[in-house]
1. Arrange the following residues from fewest to most other Cβ atoms within 10 Å of their Cβ: Leu194, Leu169.
2. Any idea what the dipole of the chain comes to, in debye rounded to 20, about its Cα centre with Lys/Arg Cβ at +1 and Asp/Glu Cβ at -1?
3. What is the sum of charges around His133, taking Lys and Arg as +1, Asp and Glu as -1, for the other residues whose C-beta is under 14 Å from the C-beta of His133?
4. For Ser202 and Lys89 in the same chain, what is the full-extension length gain: residue separation times 0.36 nm, less their Cα-Cα distance, in nm?
5. Which parts of segment 333-373 would a label at Glu429 reach, counting a residue when its backbone N lies under 13 Å from a point 7 Å out along Cα-to-Cβ?
6. What is the ratio of the Cα radius of gyration of segment 106-243 to 2.2 N^0.38 Å, where N is its residue count, to two decimals?
7. Taking Lys455 as the anchor, which lysines have their alpha carbon closer than 16 Å to its alpha carbon, excluding any fewer than eight residues away along the same chain?
8. Taking each pair of different alpha-carbon atoms in segment 269-370 once, compute 1/r for the pair, average those values, and report the inverse of that mean as the Kirkwood hydrodynamic radius in Å to one decimal.
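Just so it is clear, none of the values below were taken in a lab; they were calculated from the coordinates. The structure displayed is predicted, hence computed values, not measured ones. Positions of Cβ are backbone-derived with ideal geometry, glycine not excepted, and every protein chain shown enters the neighbour counts.
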Amino acid sequence: MSDLILFWHRRDLRIADNAGLSMARDRTRNVVGLFCLDAKILNSDDIADVRVDYLLGSLKALRDRYQAAGSELLIFQDNPTEIIPRFAKAIGASHVFWNWDVEPYAQARDNAMIKALREIGIEVETFWDQLLHTPTDIVSKAKNEPYTVYGPFWKNWISKDKKSPYPTLEGAIGLTSDQQTIAQTHGARPIPSLKELGFVWSGEQVLEPGEIAAQERLDEFATKQIEAYDDDRNYPSQPGTSTLSPALKFGTIGIRNIWKTTLEAMKVCQSDEAKIGVRTWQQELAWREFYQQVMYHFPSLADGPYRDQFKQFPWNDDDRTFEAWCEGRTGYPIVDAAMRQLNETGWMHNRCRMIVASFLTKDLILDWRLGEKYFMQRLVDGDLSANNGGWQWSASSGMDPKPLRIFNPWTQAQKFDKSADYIRQWVPELAKVETKLLLTGELEKSLRDRLGYVKPIVDHAVQQRQFKERYAAQKAAIA
Ligand code: FAD
Ligand code: FO1
């Protein structure tokens, strides 16, 4: 057996600041990367073309990065727990290393992989990489239990020291020509095209795939936008947020590296306002970690509501309103703009994610899981923990202590899209309509008909009353 270490990538598609990869390189120069195109994930109905496009682009970039570091990235396809142990044995690898993930599927897959590898005498080492603090690091002091509320989680999380970035892979050695042949006979293959995998995406990416592009975006955000983030992040027509979410989903950027950048940005702030900008962005990174740690400790969140009131909630069953929501034809301009942004770009501004999620659950009174799935089928950054967390927060079915959160789509638009620029950008048939009409819903029938824009499919005030009645009845029933 050689001292070859295979490093299995999944959602850590980079060679910089990668915990497990850097540990492997500390041990030996013979480090080779693996990625397995997993049929279970790619054939699931939670998949989005745009996300697979970002994944493939990032794999190409990762392959180039491995080559520059002296080694290579091998691509396999199908079931990782069958392919990887067989290949590792055949090639004579001593170890397989990887970084943990919090998702229930990842836990089951990784435990099966550990068992399969150990049975054939291959050693396994796993690391925490994608979070600044592991899910078991941050527990309540009083009860030694995981937090279910963000506020106290944040307080504890921010008080803890955070690691510096790990060194970038360099000076590695790839496979010998004999090992290359073994890899080919075990199914190593070139990175397929999107079409070969059965997906279609011809649009642009909100963030160019790969680690170099993610790093450039981070640098740009940290020098030009972070100080104004606290306010700018609220306006969907402004480029006020980082758009790093696909990079954070697929690990094309390291979280320690991001953190270090925020500390440097904080140091050069010249005003309290600027410091608040940096701090608010750090808080968003902590929301990401909060949702991942609750998913790790409470995996049943992935299957449904956390709160009892919502376990048997009498949601409407109405394909017509659901389709209108999906297609951006609800007659609520801010909702339609947001859904069209999602459908056209694979990304939606956070403020709008909250608006459309509230609209689906509280105005259309449709099960939030329909929206959760639709988001996973459309988002480039679609991530089980953040998406489920966002939807349960919006539906009021999650851990959030505020019992009922209802957004009024008109006041949201008035506050956050004051000049209706965002509405005009994404709903072009409304481009020439007076701002006031777009923000108050006072579009007359004749104008709507002329523009080909629909009448609001529900009345917000009526639906809000209905939702509250159903919620109260549900609460009483379980009391
Ligand atoms: P920035 O404002 O620049 O924030 C930086 C990073 O912090 C983000 O890239 C993201 O990794 C993290 N972050 C920010 N806000 C949140 C949050 N509320 N929860 C968790 N992490 C956060 N985010 C996803 O990454 N994937 C999802 O599938 C997802 N689904 C969502 C569904 C709903 C209903 C809601 C309300 C929010 C959802 N979010 C999701 C959170 C948030 O909307 C996105 O992370 C954010 O819009 C991404 O844009 P950005 O990178 O410019 O964020
Ligand atoms: N991870 C893989 O190891 N192989 C894949 O083919 C793969 C595809 C994929 C597509 C969309 C997406 O959102 C994530 C994807 N991932 C893939 C990463 C996935 O998030 C991790 O493997 C998780 O650990 C699964 O729970």
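1. Listing Leu194, Leu169 from fewest to most nearby Cβ atoms yields Leu194, Leu169.
2. 860
3. Once positives and negatives cancel, what remains is +2.
4. 36.7 nm
5. Taking a point 7 Å out along Cα→Cβ of Glu429, the residues of segment 333-373 whose backbone N falls under 13 Å are 333, 336-337.
6. 1.52
7. Correct list for Lys455: Lys445.
8. Taking every pair of different Cα atoms in segment 269-370, averaging 1/r and inverting gives 16.1 Å.
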